[in-house]
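Engineer: Let me begin by handing over the structure; questions about it come next.
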Amino acid sequence: MNVGIDKIGFFTSDYYIDMVDLAHARGDDPNKYLKGIGQQQQAVIPPTQDVVTLAANAADQILSEDDKDAVDMVIFGTETGVDNSKSAAIYVQSLLGISNNARSFEIKQACYGGTAGIQMALDHIALYPDSKVLVLAADVARYGLKTPGEVTQGGGAVAMLLSANPHLLRLDGQSAFHSENIMDFWRPFYKREAIVDGHYSTDVYINFFKTTFEDYCEKYQRTLTDFSALVFHIPFTKMGLKALRTVISDDAHGQKLLSEFELSKQYNAQVGNLYTGSLYLSLLSLLAKATDLKAGDRIGLFSYGSGAQGEFYSATIADELDRDALANQVEPRLAQRTKLTIPEYETLYSTGLPTDGGNVTFDKSHDTGRFILAGRQDDKLVYEDTKKS
Ligand code: CAA
(Lines give C-alpha, C1' and ligand atoms only; values in the text may rest on other atoms or scores of the structure.)
Protein backbone atom coordinates (compact mmCIF):
# COMPACT_ATOMS: atom_id res chain seq x y z
CA MET A 1 0.00 0.00 0.00
CA ASN A 2 1.15 3.54 -0.76
CA VAL A 3 1.13 5.92 2.20
CA GLY A 4 2.37 9.50 2.24
CA ILE A 5 1.76 13.22 2.12
CA ASP A 6 -1.45 14.03 0.29
CA LYS A 7 -1.58 17.78 0.95
CA ILE A 8 0.74 20.36 2.45
CA GLY A 9 -0.08 23.87 3.73
CA PHE A 10 1.90 26.73 5.23
CA PHE A 11 1.33 29.82 7.34
CA THR A 12 3.46 32.53 8.87
CA SER A 13 2.78 35.91 10.46
CA ASP A 14 2.03 39.26 8.84
CA TYR A 15 5.44 40.71 9.72
CA TYR A 16 9.06 40.33 8.71
CA ILE A 17 12.38 42.10 8.98
CA ASP A 18 14.97 42.50 6.25
CA MET A 19 18.37 40.97 6.97
CA VAL A 20 20.18 44.01 5.56
CA ASP A 21 18.39 46.21 8.11
CA LEU A 22 19.27 43.78 10.91
CA ALA A 23 22.92 43.65 9.85
CA HIS A 24 23.16 47.44 9.85
CA ALA A 25 21.50 47.65 13.28
CA ARG A 26 23.93 45.08 14.71
CA GLY A 27 27.02 46.59 13.09
CA ASP A 28 27.62 43.56 10.84
CA ASP A 29 28.41 43.35 7.13
CA PRO A 30 25.08 42.52 5.35
CA ASN A 31 26.90 39.90 3.27
CA LYS A 32 27.51 37.88 6.41
CA TYR A 33 23.74 37.51 6.79
CA LEU A 34 22.86 37.29 3.08
CA LYS A 35 25.70 35.02 1.94
CA GLY A 36 27.50 33.67 5.03
CA ILE A 37 24.24 32.63 6.75
CA GLY A 38 22.07 32.66 3.62
CA GLN A 39 19.00 34.50 4.93
CA GLN A 40 17.20 37.43 3.27
CA GLN A 41 14.19 38.03 5.53
CA GLN A 42 12.92 36.79 8.86
CA ALA A 43 9.35 36.27 10.04
CA VAL A 44 8.46 38.16 13.22
CA ILE A 45 5.69 36.53 15.22
CA PRO A 46 3.38 38.98 17.05
CA PRO A 47 1.69 38.13 20.40
CA THR A 48 -1.56 37.36 18.52
CA GLN A 49 0.03 34.29 16.91
CA ASP A 50 1.45 31.24 18.68
CA VAL A 51 2.06 27.69 17.49
CA VAL A 52 -1.62 26.82 17.87
CA THR A 53 -2.86 29.64 15.65
CA LEU A 54 0.02 29.30 13.18
CA ALA A 55 -0.73 25.60 12.76
CA ALA A 56 -4.50 26.06 12.63
CA ASN A 57 -4.07 28.72 9.95
CA ALA A 58 -1.74 26.42 7.96
CA ALA A 59 -4.10 23.43 8.21
CA ASP A 60 -7.07 25.61 7.28
CA GLN A 61 -5.46 26.09 3.84
CA ILE A 62 -5.65 22.38 2.99
CA LEU A 63 -8.43 20.58 4.86
CA SER A 64 -11.80 19.94 3.22
CA GLU A 65 -14.86 19.12 5.33
CA ASP A 66 -14.47 15.47 4.26
CA ASP A 67 -10.83 15.50 5.43
CA LYS A 68 -11.92 16.84 8.84
CA ASP A 69 -14.32 13.92 9.20
CA ALA A 70 -11.73 11.37 8.08
CA VAL A 71 -8.82 12.55 10.29
CA ASP A 72 -8.49 10.16 13.23
CA MET A 73 -5.11 11.35 14.46
CA VAL A 74 -3.69 14.85 14.97
CA ILE A 75 0.03 14.95 15.78
CA PHE A 76 1.64 18.26 16.69
CA GLY A 77 5.46 18.52 16.56
CA THR A 78 6.82 21.59 18.33
CA GLU A 79 9.41 22.83 20.79
CA THR A 80 7.29 25.96 21.46
CA GLY A 81 4.33 24.30 23.20
CA VAL A 82 1.73 26.58 24.82
CA ASP A 83 1.12 24.52 27.95
CA ASN A 84 3.17 22.12 30.05
CA SER A 85 0.36 19.58 30.06
CA LYS A 86 -2.27 20.14 27.38
CA SER A 87 -1.20 19.48 23.82
CA ALA A 88 -1.40 22.12 21.10
CA ALA A 89 -3.04 19.43 18.94
CA ILE A 90 -6.26 19.47 20.98
CA TYR A 91 -6.65 23.23 20.47
CA VAL A 92 -6.13 22.93 16.70
CA GLN A 93 -8.53 19.99 16.45
CA SER A 94 -11.21 22.07 18.15
CA LEU A 95 -10.53 25.31 16.21
CA LEU A 96 -10.77 23.50 12.87
CA GLY A 97 -13.76 21.31 13.74
CA ILE A 98 -11.84 18.06 13.19
CA SER A 99 -13.72 14.94 14.25
CA ASN A 100 -13.58 14.21 18.00
CA ASN A 101 -13.11 10.58 17.09
CA ALA A 102 -9.36 11.15 16.89
CA ARG A 103 -6.16 10.72 18.88
CA SER A 104 -4.63 14.19 19.40
CA PHE A 105 -1.26 14.77 21.00
CA GLU A 106 2.03 16.66 20.90
CA ILE A 107 5.56 15.41 20.24
CA LYS A 108 8.74 17.17 21.31
CA GLN A 109 12.32 16.62 20.18
CA ALA A 110 13.54 20.08 19.13
CA CYS A 111 13.29 20.40 15.33
CA TYR A 112 12.59 16.67 14.84
CA GLY A 113 8.98 16.53 16.15
CA GLY A 114 7.33 16.91 12.73
CA THR A 115 9.33 14.00 11.31
CA ALA A 116 8.47 11.80 14.30
CA GLY A 117 4.83 12.64 13.53
CA ILE A 118 5.20 11.63 9.88
CA GLN A 119 6.80 8.30 10.76
CA MET A 120 4.06 7.60 13.30
CA ALA A 121 1.40 8.53 10.74
CA LEU A 122 2.96 6.09 8.25
CA ASP A 123 2.65 3.19 10.71
CA HIS A 124 -0.90 4.19 11.68
CA ILE A 125 -2.19 4.41 8.10
CA ALA A 126 -0.47 1.13 7.20
CA LEU A 127 -2.62 -0.47 9.94
CA TYR A 128 -5.79 1.52 9.20
CA PRO A 129 -5.79 2.38 5.48
CA ASP A 130 -8.99 4.43 5.59
CA SER A 131 -7.61 6.84 8.15
CA LYS A 132 -6.11 10.26 7.54
CA VAL A 133 -3.54 11.83 9.85
CA LEU A 134 -2.91 15.56 10.26
CA VAL A 135 0.73 16.26 11.11
CA LEU A 136 1.46 19.81 12.28
CA ALA A 137 4.97 21.24 12.53
CA ALA A 138 5.05 24.73 14.04
CA ASP A 139 7.53 26.77 16.05
CA VAL A 140 8.64 30.25 16.97
CA ALA A 141 12.45 30.32 16.83
CA ARG A 142 13.90 32.72 19.39
CA TYR A 143 17.52 33.17 20.43
CA GLY A 144 17.36 36.70 21.83
CA LEU A 145 18.04 40.22 20.62
CA LYS A 146 21.68 40.99 19.75
CA THR A 147 22.80 37.35 20.03
CA PRO A 148 24.71 35.42 17.32
CA GLY A 149 21.60 33.29 16.83
CA GLU A 150 19.35 36.30 16.17
CA VAL A 151 19.95 36.16 12.40
CA THR A 152 18.67 32.55 12.44
CA GLN A 153 15.29 33.24 14.10
CA GLY A 154 11.89 33.03 12.39
CA GLY A 155 8.61 31.21 12.80
CA GLY A 156 5.64 29.61 11.10
CA ALA A 157 3.83 26.35 10.55
CA VAL A 158 3.55 23.57 8.01
CA ALA A 159 0.49 21.30 8.04
CA MET A 160 0.54 17.96 6.25
CA LEU A 161 -2.33 15.58 5.60
CA LEU A 162 -1.17 11.97 5.31
CA SER A 163 -3.26 9.24 3.77
CA ALA A 164 -3.19 6.09 1.66
CA ASN A 165 -2.74 6.74 -2.08
CA PRO A 166 -1.39 10.28 -1.56
CA HIS A 167 -1.23 12.78 -4.40
CA LEU A 168 2.05 14.45 -3.43
CA LEU A 169 4.68 12.15 -1.92
CA ARG A 170 4.77 8.40 -1.28
CA LEU A 171 6.88 7.48 1.72
CA ASP A 172 9.25 4.63 0.80
CA GLY A 173 9.22 3.29 4.38
CA GLN A 174 13.02 3.36 4.20
CA SER A 175 14.80 5.29 6.88
CA ALA A 176 17.99 5.51 8.98
CA PHE A 177 18.14 7.29 12.34
CA HIS A 178 20.64 8.18 15.03
CA SER A 179 20.32 9.75 18.48
CA GLU A 180 22.81 10.89 21.13
CA ASN A 181 22.64 12.89 24.36
CA ILE A 182 24.20 16.17 23.19
CA MET A 183 23.94 19.73 24.57
CA ASP A 184 24.03 21.75 21.35
CA PHE A 185 20.67 23.55 21.69
CA TRP A 186 18.06 23.38 24.44
CA ARG A 187 15.52 25.56 26.24
CA PRO A 188 15.06 25.34 30.04
CA PHE A 189 11.46 25.68 31.34
CA TYR A 190 11.99 29.23 32.54
CA LYS A 191 13.23 30.63 29.21
CA ARG A 192 11.50 31.86 26.03
CA GLU A 193 14.85 31.86 24.19
CA ALA A 194 16.90 28.80 23.28
CA ILE A 195 20.40 28.28 24.65
CA VAL A 196 22.70 27.26 21.84
CA ASP A 197 26.33 26.30 21.31
CA GLY A 198 26.11 27.55 17.72
CA HIS A 199 29.27 26.30 16.06
CA TYR A 200 29.13 22.99 17.90
CA SER A 201 25.49 22.57 16.75
CA THR A 202 26.47 22.97 13.11
CA ASP A 203 29.22 20.32 13.48
CA VAL A 204 26.84 17.87 15.17
CA TYR A 205 24.21 18.48 12.47
CA ILE A 206 26.70 17.61 9.72
CA ASN A 207 27.95 14.51 11.56
CA PHE A 208 24.38 13.29 12.04
CA PHE A 209 23.62 13.88 8.37
CA LYS A 210 26.66 11.89 7.24
CA THR A 211 25.97 9.08 9.72
CA THR A 212 22.32 8.65 8.77
CA PHE A 213 22.88 9.09 5.03
CA GLU A 214 25.65 6.46 4.96
CA ASP A 215 23.56 4.13 7.12
CA TYR A 216 20.56 4.59 4.81
CA CYS A 217 22.66 3.86 1.69
CA GLU A 218 24.12 0.72 3.27
CA LYS A 219 20.75 -0.55 4.52
CA TYR A 220 18.94 -0.10 1.21
CA GLN A 221 21.83 -0.52 -1.24
CA ARG A 222 21.42 2.98 -2.64
CA THR A 223 23.82 5.68 -3.79
CA LEU A 224 23.52 9.44 -4.31
CA THR A 225 22.44 8.91 -7.92
CA ASP A 226 19.21 7.28 -6.72
CA PHE A 227 18.05 10.72 -5.54
CA SER A 228 16.69 13.46 -7.78
CA ALA A 229 16.98 15.92 -4.89
CA LEU A 230 17.95 16.07 -1.22
CA VAL A 231 16.08 18.34 1.19
CA PHE A 232 17.31 19.33 4.63
CA HIS A 233 16.20 20.73 7.92
CA ILE A 234 17.20 24.35 7.28
CA PRO A 235 17.77 26.40 10.45
CA PHE A 236 19.49 28.82 8.06
CA THR A 237 19.99 28.06 4.39
CA LYS A 238 23.79 27.85 4.48
CA MET A 239 23.43 24.94 6.94
CA GLY A 240 21.76 22.68 4.40
CA LEU A 241 24.32 23.68 1.78
CA LYS A 242 27.19 22.78 4.10
CA ALA A 243 25.67 19.33 4.66
CA LEU A 244 24.98 18.76 0.95
CA ARG A 245 28.55 19.64 0.06
CA THR A 246 29.85 16.79 2.24
CA VAL A 247 28.32 14.17 -0.07
CA ILE A 248 28.35 15.61 -3.60
CA SER A 249 31.24 15.75 -6.02
CA ASP A 250 31.87 18.11 -8.90
CA ASP A 251 30.07 15.93 -11.46
CA ALA A 252 26.78 16.45 -13.33
CA HIS A 253 24.68 14.76 -10.65
CA GLY A 254 26.34 16.84 -7.92
CA GLN A 255 25.50 19.98 -9.92
CA LYS A 256 21.89 18.83 -10.30
CA LEU A 257 21.56 18.28 -6.55
CA LEU A 258 23.09 21.71 -5.95
CA SER A 259 20.63 23.43 -8.29
CA GLU A 260 17.68 21.58 -6.72
CA PHE A 261 18.97 22.69 -3.32
CA GLU A 262 18.95 26.32 -4.49
CA LEU A 263 15.23 25.93 -5.26
CA SER A 264 14.52 24.13 -1.99
CA LYS A 265 15.84 27.00 0.12
CA GLN A 266 13.90 29.88 -1.49
CA TYR A 267 11.01 30.03 0.95
CA ASN A 268 13.20 29.35 4.00
CA ALA A 269 15.44 32.30 3.08
CA GLN A 270 12.37 34.55 3.42
CA VAL A 271 10.86 33.04 6.57
CA GLY A 272 13.86 32.00 8.67
CA ASN A 273 13.91 29.07 11.03
CA LEU A 274 10.62 27.44 11.91
CA TYR A 275 12.36 24.56 13.72
CA THR A 276 10.14 21.47 13.17
CA GLY A 277 8.56 22.95 10.05
CA SER A 278 11.81 23.97 8.34
CA LEU A 279 12.45 20.69 6.53
CA TYR A 280 8.87 20.66 5.26
CA LEU A 281 8.88 24.29 4.13
CA SER A 282 12.02 23.39 2.18
CA LEU A 283 10.21 20.40 0.68
CA LEU A 284 7.35 22.71 -0.32
CA SER A 285 9.84 25.13 -1.88
CA LEU A 286 11.43 22.31 -3.89
CA LEU A 287 8.14 20.85 -5.11
CA ALA A 288 6.78 24.28 -6.07
CA LYS A 289 9.90 25.43 -7.92
CA ALA A 290 11.80 22.44 -9.37
CA THR A 291 10.23 22.20 -12.82
CA ASP A 292 12.29 19.14 -13.81
CA LEU A 293 11.00 16.94 -10.99
CA LYS A 294 8.37 14.41 -12.08
CA ALA A 295 6.25 11.57 -10.74
CA GLY A 296 8.42 8.64 -9.67
CA ASP A 297 11.47 10.75 -8.76
CA ARG A 298 13.01 9.90 -5.38
CA ILE A 299 13.76 12.61 -2.81
CA GLY A 300 15.94 12.18 0.30
CA LEU A 301 14.91 14.08 3.43
CA PHE A 302 17.25 14.84 6.34
CA SER A 303 15.64 15.78 9.63
CA TYR A 304 17.63 17.02 12.62
CA GLY A 305 16.49 17.93 16.12
CA SER A 306 19.15 19.20 18.50
CA GLY A 307 19.75 17.27 21.62
CA ALA A 308 20.01 15.25 19.33
CA GLN A 309 18.02 13.14 16.89
CA GLY A 310 18.77 12.75 13.19
CA GLU A 311 16.87 10.83 10.53
CA PHE A 312 17.41 10.39 6.80
CA TYR A 313 14.47 8.93 4.91
CA SER A 314 13.20 8.79 1.37
CA ALA A 315 9.99 9.42 -0.53
CA THR A 316 8.86 9.33 -4.14
CA ILE A 317 6.86 11.97 -5.98
CA ALA A 318 3.37 10.50 -6.45
CA ASP A 319 1.44 12.34 -9.16
CA GLU A 320 2.49 15.08 -11.56
CA LEU A 321 2.98 18.17 -9.43
CA ASP A 322 0.57 21.10 -9.48
CA ARG A 323 3.30 23.69 -8.90
CA ASP A 324 0.98 26.69 -9.05
CA ALA A 325 -1.18 25.27 -6.27
CA LEU A 326 1.90 24.54 -4.16
CA ALA A 327 3.36 28.01 -4.70
CA ASN A 328 -0.03 29.45 -3.84
CA GLN A 329 0.31 27.96 -0.34
CA VAL A 330 3.26 30.25 0.37
CA GLU A 331 3.88 33.11 -2.02
CA PRO A 332 0.73 35.24 -1.57
CA ARG A 333 1.22 35.04 2.19
CA LEU A 334 4.85 36.17 1.96
CA ALA A 335 3.98 38.92 -0.51
CA GLN A 336 1.36 40.54 1.74
CA ARG A 337 3.60 40.82 4.83
CA THR A 338 4.54 44.17 6.33
CA LYS A 339 8.22 45.00 6.78
CA LEU A 340 9.07 46.17 10.29
CA THR A 341 11.87 48.52 11.24
CA ILE A 342 14.36 47.02 13.68
CA PRO A 343 13.04 49.13 16.61
CA GLU A 344 9.47 47.98 15.77
CA TYR A 345 10.67 44.35 15.70
CA GLU A 346 12.47 44.77 19.02
CA THR A 347 9.29 46.10 20.64
CA LEU A 348 7.14 43.28 19.22
CA TYR A 349 9.77 40.72 20.24
CA SER A 350 9.54 41.81 23.86
CA THR A 351 5.74 41.65 24.12
CA GLY A 352 3.71 38.52 24.75
CA LEU A 353 1.92 36.66 27.50
CA PRO A 354 3.05 37.84 30.95
CA THR A 355 5.39 35.17 32.35
CA ASP A 356 4.04 35.61 35.90
CA GLY A 357 0.40 34.84 34.99
CA GLY A 358 -2.40 37.38 34.88
CA ASN A 359 -5.07 38.30 32.38
CA VAL A 360 -4.20 40.04 29.14
CA THR A 361 -6.05 41.09 25.99
CA PHE A 362 -4.04 41.66 22.84
CA ASP A 363 -4.75 44.22 20.15
CA LYS A 364 -5.71 41.91 17.28
CA SER A 365 -6.74 44.59 14.81
CA HIS A 366 -3.57 44.18 12.71
CA ASP A 367 -3.57 40.38 12.44
CA THR A 368 -4.97 38.99 9.16
CA GLY A 369 -4.94 35.34 10.26
CA ARG A 370 -8.24 33.52 10.53
CA PHE A 371 -7.21 32.08 13.91
CA ILE A 372 -5.83 34.48 16.51
CA LEU A 373 -4.65 34.34 20.12
CA ALA A 374 -6.80 37.05 21.70
CA GLY A 375 -5.19 36.84 25.12
CA ARG A 376 -5.39 34.94 28.38
CA GLN A 377 -8.20 34.98 30.95
CA ASP A 378 -8.12 33.07 34.26
CA ASP A 379 -5.01 31.18 33.07
CA LYS A 380 -6.86 29.96 29.97
CA LEU A 381 -5.60 30.87 26.52
CA VAL A 382 -8.32 32.58 24.49
CA TYR A 383 -8.29 31.62 20.81
CA GLU A 384 -10.61 33.22 18.27
CA ASP A 385 -11.86 32.16 14.89
CA THR A 386 -12.36 35.51 13.15
CA LYS A 387 -14.82 33.88 10.72
CA LYS A 388 -17.12 33.23 13.67
CA SER A 389 -16.51 36.25 15.93
N1 CAA B 1 30.58 38.10 3.73
C2 CAA B 1 30.29 36.81 3.47
N3 CAA B 1 30.33 35.82 4.41
C4 CAA B 1 30.67 36.18 5.68
C5 CAA B 1 31.00 37.49 6.02
C6 CAA B 1 30.95 38.49 5.00
N7 CAA B 1 31.23 39.77 5.22
N8 CAA B 1 31.29 37.52 7.32
C9 CAA B 1 31.16 36.26 7.79
N10 CAA B 1 30.79 35.44 6.79
C11 CAA B 1 30.51 34.01 6.85
C12 CAA B 1 31.49 33.22 7.68
O13 CAA B 1 32.67 32.92 6.95
C14 CAA B 1 30.67 31.99 8.00
O15 CAA B 1 30.64 31.15 6.89
P16 CAA B 1 31.02 29.59 7.03
O17 CAA B 1 30.13 29.05 8.11
O18 CAA B 1 30.72 29.02 5.70
O19 CAA B 1 32.45 29.56 7.42
C20 CAA B 1 29.26 32.55 8.17
O21 CAA B 1 29.29 33.84 7.54
C22 CAA B 1 28.83 32.72 9.60
O23 CAA B 1 29.84 33.45 10.27
P24 CAA B 1 30.21 33.09 11.77
O25 CAA B 1 30.43 31.62 11.93
O26 CAA B 1 31.32 34.00 12.20
O27 CAA B 1 28.86 33.51 12.50
P28 CAA B 1 28.50 33.49 14.01
O29 CAA B 1 29.63 33.14 14.88
O30 CAA B 1 27.84 34.81 14.27
O31 CAA B 1 27.40 32.32 14.17
C32 CAA B 1 25.78 30.63 13.82
C33 CAA B 1 26.69 31.67 13.16
C34 CAA B 1 26.62 29.64 14.62
C35 CAA B 1 25.02 29.88 12.76
C36 CAA B 1 24.78 31.37 14.76
O37 CAA B 1 23.95 32.19 14.00
C38 CAA B 1 23.92 30.47 15.62
O39 CAA B 1 24.33 30.08 16.71
N40 CAA B 1 22.70 30.10 15.13
C41 CAA B 1 21.78 29.24 15.88
C42 CAA B 1 22.26 27.79 15.90
C43 CAA B 1 21.91 27.02 14.65
O44 CAA B 1 21.07 27.39 13.85
N45 CAA B 1 22.55 25.85 14.47
C46 CAA B 1 22.29 24.97 13.37
C47 CAA B 1 22.41 23.52 13.71
S48 CAA B 1 21.34 23.13 15.09
C49 CAA B 1 19.80 22.93 14.38
O50 CAA B 1 19.66 22.81 13.20
C51 CAA B 1 18.62 22.89 15.26
C52 CAA B 1 17.97 24.19 15.11
O53 CAA B 1 17.12 24.42 14.25
C54 CAA B 1 18.41 25.23 16.01
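Engineer: Would you check which residues across the stretch 12-33 are in contact with a helix residue (DSSP H, G or I) (Cβ under 6 Å, 6 or more places away or on another chain) and open to solvent by 10 Å² or more (accessible area, probe 1.4 Å) and list them?
Structural biologist: Correct list: V20, D21, A25, P30, Y33.
Engineer: Keeping to the stretch 34-47, report how many residues are crowded, with 18+ Cβ neighbours inside 10 Å and within 8 Å of the ligand (Cβ to nearest atom).
Structural biologist: 1
Engineer: Going through the stretch 359-374 one residue at a time, which ones are in contact with a Lys or Arg (Cβ under 7 Å, 6 or more places away or on another chain), more than 23 Å from A59 (Cβ to Cβ) and assigned to a loop (DSSP other than H, G, I, E, B)? Steps first, answer last, please.
Structural biologist: Here is the first cut: in the stretch 359-374, the ones in contact with a Lys or Arg (Cβ under 7 Å, 6 or more places away or on another chain) are 359-360, 370, 372, 374.
Checking which are more than 23 Å from A59 (Cβ to Cβ) leaves us with 359-360.
The one that is in contact with a Lys or Arg (Cβ under 7 Å, 6 or more places away or on another chain), more than 23 Å from A59 (Cβ to Cβ) and assigned to a loop (DSSP other than H, G, I, E, B): N359.
Engineer: In addition: Would you call G296 touching a His at 6+ places or on another chain (Cβ under 7 Å) and either exposed (fewer than 12 other Cβ atoms within 10 Å of the Cβ) or of a type in the set (G, A, S) (or both)?
Structural biologist: When the stated conditions are applied, G296 does not pass them.
Engineer: From the list H199, H178, pick out the single residue that is open to solvent by 40 Å² or more (accessible area, probe 1.4 Å), within 15 Å of the ligand (Cβ to nearest atom) and in a strand (DSSP E or B).
Structural biologist: Just a single option satisfies the conditions, and that option is H178.
Engineer: So which pairs qualify, if the first residue must be in the stretch 263-275 and at positive phi and in contact (Cβ under 8 Å) with a residue 12 or more places away in the chain, the second must be crowded, with 23+ Cβ neighbours inside 10 Å and part of a loop (DSSP other than H, G, I, E, B), the Cβ gap must be under 7 Å, and the two must be at least 6 apart or on different chains?
Structural biologist: G272/Q39; G272/Q153; Y275/E79; Y275/A110
Engineer: Between a residue in the stretch 201-214 that is of a type in the set (D, E, K, R) and any residue that is part of a helix (DSSP H, G or I) and more than 9 Å from the ligand (Cβ to nearest atom), which pairs come within a Cβ distance under 9 Å, given they are 6 or more apart or on different chains?
Structural biologist: Qualifying pairs under 9 Å: K210/A243.
Engineer: Now for a separate question. Does L283 satisfy the criteria of being under 21 Å from T202 (Cα atoms), away from the ligand (no atom under 13 Å from the Cβ) and not in a strand (DSSP E or B)?
Structural biologist: The answer is yes for L283.
Engineer: Here's a check for you: in the stretch 139-155, which residue that is in contact (Cβ under 8 Å) with a residue 60 or more places away in the chain and touching a Gly at 6+ places or on another chain (Cβ under 6 Å) is nearest to the ligand (Cβ to nearest atom)?
Structural biologist: That would be A141.
Engineer: Failed condition for Q49, given (1) over 19 Å from F11 (Cα atoms); (2) touching a Ser or Thr at 6+ places or on another chain (Cβ under 9 Å), with all others met?
Structural biologist: Unmet for Q49, out of (1) over 19 Å from F11 (Cα atoms); (2) touching a Ser or Thr at 6+ places or on another chain (Cβ under 9 Å): (1).
Engineer: Just to verify a result, which residue in the stretch 202-239, among those that are open to solvent by 70 Å² or more (accessible area, probe 1.4 Å) and part of a helix (DSSP H, G or I), is nearest to the ligand (Cβ to nearest atom)?
Structural biologist: My answer is D203.
The values are calculated or read from the model by the stated rules, or taken from the named source; none is laboratory data. Everything quoted here is computed from the prediction, not taken from an experiment. Here Cβ is always computed from backbone atoms with ideal geometry, including for glycine, and neighbour counts include all displayed protein chains. Side chains are part of the model used for accessible areas, which takes the heavy atoms of the whole protein and leaves out ligands, DNA and RNA. Shrake-Rupley method; radii C 1.70, N 1.55, O 1.52, S 1.80 Å.
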